[in-house]
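Undergrad: Sharing a structure below in structure tokens format, with a few things to ask.
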Amino acid sequence: MSQPRDSYPAAPQDNYQDRQQAGYQDPHRDAYAPPPLQGPRDSIRQEPRLLAAGPDAGWARHTDIFGRWEPQAAGPGLLEVLAESGLTGRGGAAFETWRKATATAGSGRKSLFAVRPVVIANGAEGEPLSFKDRTLLAHAPHLVIDGLMALAAALGQAGTSGTNMYIYAPAASLPRVREALAERPRGKQVRVVQAPETFISGESSAVVNMIANGTALPTDQRRRLSESGLNGRPTLVVNVETLAQVALIARFGARWFREAGTPTDPGTRLVSVSGPAPARDVVLEVPGGVQLCLVLKEAGMDPGSLSAVLVGGYHGRWVRPAEHALSPVGPPGRTARPGAGVIHALDLQTCGIQATARIVSYLAGQSARQCGPCMFGLPAMASILNRIAGGETDHRLATELDRLGRLVSGRGACRHPEGTTGLVSSALEVFAADFRAHLAGYCTGPGGVAA
Amino acid sequence: MKTYLHIDWTSCDGRGLCTELLPGVLDRDDWGYPVARGKVGRERTDVPLRDADRDAAQEAVFLCPKLALSLMQRTVPEPGQRTPGR
């Protein structure tokens, strides 16, 4: 596990108070008007939203910048505003937040007695290349808590006596979270649970399992968490960045949210960008649909000197940095799905097959060892990748890798097998020439450098 | 409503009884675990059943030594419809 990286860029300027004075105080009265159609923006210049309060913002700084606000009051009508905003989850699956929340609210109301729902802020990142959630928790914990309380209030409308709230985050983030909860009203209502540092600890059923039983392993989901999660209650597990976005939307409205991004990918997202030296690891807030190349340039890299970019993290895909827009929707050849917001670039000297072999070996080791196809399939895939990377020249190896990938996908309690096979299939596609070279007995390296 | 055979992979141990009772529906993989024939993605965990296979599936549910199988009745999701956590 890598060390926490506080790579937050320069302290941002804000103009939220101007915005509020310009008539954004009552977002629920904002009639939503779609913005004029436009292509993906060619500029990455995004005025900071989530990190607008600057580094290490405490309660005083938070209320100064974003204004005094009562999250409970945002409850009624919040789900409608979230639907208008088009916010999608920032934890990886990019599911529409309002649908997920509405499903949870609905199952609480369906039962004979009103059931108290549960909302869990998920701050477990699990993967070494992701650091945007811990950066957010370090600098804007109050925005996350605002979003958690607002969403909890929205779910608790149906005559329930309140909603249980949790923050689930790795050890390094907890002191900051506890400090933030201690300095605000009603902070005691939120319970804090430590997430272990494993890759799958952030999977939603693993999150619920950890809080209920102390084991962060995914469980079989015969029933959805929105119907029966923590202690049988309807449960909503939401990524911390998504909650911070909810807090901003609840304050400033759906129309404001859509001022950034594209009609199909509105708003902004945080990305954890890493790559070859001298580029530093950095968290950027970028508008939806931004060009991948512009994100790389902003992080100090030259897209021309990169061989491939891993977008979406270890469960994401390799792409050649061409004209890809960073968006969860769009044609596959022109869009790279941001997943949990990980962007990791490889330089021309690094062999993509070796890089992929290392990642798949790691992922095989991170299997929960509960589901047979994953427990046996991923190590088998890692072994074949390592054999190819190490110079074995059997042409059946690539075919076998492809077969194994198709054998394990879709078969597990969580999506660990699919995520891993997706990464491998993108490697087979993007590094096809390198695979051929390896199987013929040499490693070209994308820059023609022998390895 | 459609009937699905749900496989709880955390319980399944690859004993193979289900693949013998449902040879047209389930095959075995390299390690002996059931693979839904001709299905991709999550339909390999919630396997849609034809009416003709329902009795055999019920028997597999009763006889699975690891209690890893169950039948579910569910409305067929509309094409393109996504559900959270699935």
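Undergrad: Suppose we keep only residues that are buried (at least 18 other Cβ atoms within 10 Å of the Cβ) and within 18 Å of residue A:425 (Cα to Cα) within the range A:320-341. Which one would you say is nearest to the chain's Cα centre (by Cα)?
TA: A:339
Undergrad: Which residues, counting only those in the range B:1-23, are open to solvent by 10 Å² or more (accessible area, probe 1.4 Å), away from every other protein chain (no Cβ under 12 Å) and either under 16 Å from residue A:223 (Cα atoms) or out of contact with any helix residue (DSSP H, G or I) (no Cβ under 7 Å at 6 or more places or on another chain) (or both)?
TA: Across the range B:1-23, the qualifying residues are B:1, B:2, B:19, B:20, B:23.
Undergrad: Looking at the range A:268-288 only, could you name the residues that are part of a loop (DSSP other than H, G, I, E, B) and surrounded by fewer than 24 Cβ atoms within 10 Å (Cβ to Cβ)?
TA: Scanning the range A:268-288 gives A:275, A:276, A:277, A:278, A:279, A:280, A:281.
Undergrad: Which members of the range A:190-229 meet the condition of being open to solvent by less than 20 Å² (accessible area, probe 1.4 Å), of a type in the set (A, V, I, L, M) and closer than 25 Å to residue B:12 by Cβ?
TA: Scanning the range A:190-229 gives A:200, A:206, A:207, A:208, A:216.
Undergrad: Take the range A:333-365 and flag every residue that is touching a strand residue (DSSP E or B) at 6+ places or on another chain (Cβ under 8 Å) and either on the phi > 0 side of the Ramachandran plot or of a type in the set (D, E, K, R) (or both).
TA: A:334, A:337, A:339, A:341, A:347
Undergrad: Given the conditions (1) in contact with a Leu (Cβ under 9 Å, 6 or more places away or on another chain); (2) outside any loop (DSSP other than H, G, I, E, B), and given that residue A:80 satisfies all but one, which numbered condition is not satisfied?
TA: Only one criterion in (1) in contact with a Leu (Cβ under 9 Å, 6 or more places away or on another chain); (2) outside any loop (DSSP other than H, G, I, E, B) is unmet by residue A:80, namely (1).
Undergrad: If you don't mind, another one. Filter the range B:31-58 down to residues that are more than 7 Å from every other protein chain (Cβ to nearest Cβ) and in a loop (DSSP other than H, G, I, E, B) and give me whichever is farthest from residue A:411 (Cα to Cα).
TA: Ranking the qualifying residues of the range B:31-58, first place goes to B:50.
Undergrad: Can residue A:345 be described as touching a residue at least 60 places away in the same chain (Cβ under 8 Å), away from chain B (no Cβ under 14 Å) and open to solvent by less than 10 Å² (accessible area, probe 1.4 Å)?
TA: In short, yes.
Undergrad: Inside the range A:144-258, counting only strands (runs of 3 or more DSSP E) that do not spill past its ends, which hold 1 or more residues that are among the charged types (D, E, K, R)?
TA: Where strands (runs of 3 or more DSSP E) fall fully within the range A:144-258 and carry at least 1 residues being among the charged types (D, E, K, R), they are A:190-195.
Undergrad: Can you tell me how many residues within the range A:105-133 are at pLDDT 90 or above and in a helix (DSSP H, G or I)?
TA: Here the count works out to 2.
Undergrad: Shifting gears a bit: Starting from residues that are without any contact (Cβ under 8 Å) to a residue 12 or more places away in the chain and more than 20 Å from residue A:146 (Cβ to Cβ), keep the ones in the range A:61-98 and report whichever is nearest to the other protein chains (Cβ to nearest Cβ).
TA: Filtering first and then ranking leaves A:95.
Undergrad: So if I check each of A:307, A:367, which one is among the small types (Gly, Ala, Ser) and outside any loop (DSSP other than H, G, I, E, B)?
TA: Working: A:367 fails: outside any loop (DSSP other than H, G, I, E, B).
From the options A:307, A:367, the qualifying one is A:307.
Each row is one residue, and each column tells you yes or no for (1) modelled with pLDDT of 95 or more; (2) polar (S, T, N, Q); (3) loosely packed, with under 13 Cβ neighbours inside 10 Å.
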{"position": "B:25", "(1), (2), (3)": "yes, no, no"}
{"position": "B:36", "(1), (2), (3)": "yes, no, no"}
{"position": "B:42", "(1), (2), (3)": "no, no, no"}
{"position": "B:58", "(1), (2), (3)": "yes, yes, no"}
{"position": "B:66", "(1), (2), (3)": "yes, no, no"}
{"position": "B:74", "(1), (2), (3)": "no, no, yes"}
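Undergrad: Take the residues in the range A:371-393 that are in a loop (DSSP other than H, G, I, E, B) and either open to solvent by 50 Å² or more (accessible area, probe 1.4 Å) or touching a strand residue (DSSP E or B) at 6+ places or on another chain (Cβ under 7 Å) (or both), then tell me which one is nearest to residue A:206 (Cα to Cα). Write out each step before concluding.
TA: Taking the range A:371-393 first, the residues in a loop (DSSP other than H, G, I, E, B) are A:371, A:390-393.
Of the ones still in play, those that are also either open to solvent by 50 Å² or more (accessible area, probe 1.4 Å) or touching a strand residue (DSSP E or B) at 6+ places or on another chain (Cβ under 7 Å) (or both) are A:390, A:392-393.
Working: A:390: 35, A:392: 38, A:393: 40 Å.
Looking at the filtered set, the residue picked out is A:390.
Undergrad: Next up: If residue A:360 passes every condition in (1) of a type outside the set (Gly, Ala, Ser); (2) under 16 Å from the mean Cα position of the chain (by Cα); (3) open to solvent by less than 10 Å² (accessible area, probe 1.4 Å) but one, which one does it miss?
TA: Here residue A:360 meets the rest and fails (2).
Undergrad: Also: Anything in the range A:188-207 that is away from chain B (no Cβ under 14 Å) and under 16 Å from residue A:240 (Cα atoms)? List them, or say none.
TA: Once the filter is applied, which keeps residues that are away from chain B (no Cβ under 14 Å) and under 16 Å from residue A:240 (Cα atoms), the range A:188-207 yields A:190, A:191, A:192, A:193, A:194, A:195, A:201.
Undergrad: Another question about this same structure. Assess whether residue A:47 counts as being in contact (Cβ under 8 Å) with a residue 12 or more places away in the chain and either assigned to a helix (DSSP H, G or I) or over 21 Å from the mean Cα position of the chain (by Cα) (or both). Full working, then the answer.
TA: Details: in contact (Cβ under 8 Å) with a residue 12 or more places away in the chain: yes; either assigned to a helix (DSSP H, G or I) or over 21 Å from the mean Cα position of the chain (by Cα) (or both): no.
It is false that residue A:47 is in contact (Cβ under 8 Å) with a residue 12 or more places away in the chain and either assigned to a helix (DSSP H, G or I) or over 21 Å from the mean Cα position of the chain (by Cα) (or both).
Undergrad: Further question: Show the residue pairs that are 6+ apart or on different chains and have beta-carbon atoms under 8 Å apart, the first residue being within the range A:355-366 and within 16 Å of residue A:412 (Cβ to Cβ), the second being open to solvent by 20 Å² or more (accessible area, probe 1.4 Å).
TA: A:363/A:199; A:363/A:314; A:364/A:379; A:366/A:198; A:366/A:199
Undergrad: Does residue A:353 qualify as being away from every other protein chain (no Cβ under 14 Å), modelled with pLDDT under 95 and open to solvent by less than 10 Å² (accessible area, probe 1.4 Å)?
TA: Details: away from every other protein chain (no Cβ under 14 Å): yes; modelled with pLDDT under 95: yes; open to solvent by less than 10 Å² (accessible area, probe 1.4 Å): yes.
Yes: the conditions hold for residue A:353.
Undergrad: Here's a check for you: in the range A:430-443, which residue that is without any contact (Cβ under 8 Å) to a residue 40 or more places away in the chain and within 24 Å of residue A:337 (Cα to Cα) is most open to solvent (accessible area, probe 1.4 Å)? Working first, answer last.
TA: Keep residues of the range A:430-443 that are without any contact (Cβ under 8 Å) to a residue 40 or more places away in the chain, which gives A:432-433, A:436-437, A:442.
Among the residues that remain, those that are also within 24 Å of residue A:337 (Cα to Cα) are: A:432-433.
Numbers: A:432: 33, A:433: 59 Å².
Here the residue is A:433.
Undergrad: Would you check if there is a residue in the range B:14-22 being free of Cβ contacts under 8 Å to residues at least 40 places away in the same chain, in contact with a Leu (Cβ under 9 Å, 6 or more places away or on another chain), within 22 Å of residue A:405 (Cβ to Cβ) and in a helix (DSSP H, G or I)?
TA: Yes: the range B:14-22 contains one or more residues that are free of Cβ contacts under 8 Å to residues at least 40 places away in the same chain, in contact with a Leu (Cβ under 9 Å, 6 or more places away or on another chain), within 22 Å of residue A:405 (Cβ to Cβ) and in a helix (DSSP H, G or I).
Undergrad: Filter the range A:208-222 down to the residues that are away from chain B (no Cβ under 11 Å) and β-branched (Val, Ile, Thr) and list them by number.
TA: Keep residues of the range A:208-222 that are away from chain B (no Cβ under 11 Å), which gives A:210-216.
Across the range A:208-222, the qualifying residues are A:211, A:215.
The values are calculated or read from the model by the stated rules, or taken from the named source; none is laboratory data. Just so it is clear, the model here is predicted, and its values are computed rather than measured. Methodologically, a virtual Cβ is constructed for each residue, glycine included, from the backbone with ideal geometry; neighbour enumeration extends over all protein chains shown. When the accessible area is computed, the model is the full protein with side chains, heavy atoms only, and any ligands, DNA or RNA have been set aside. Shrake-Rupley method; radii C 1.70, N 1.55, O 1.52, S 1.80 Å.
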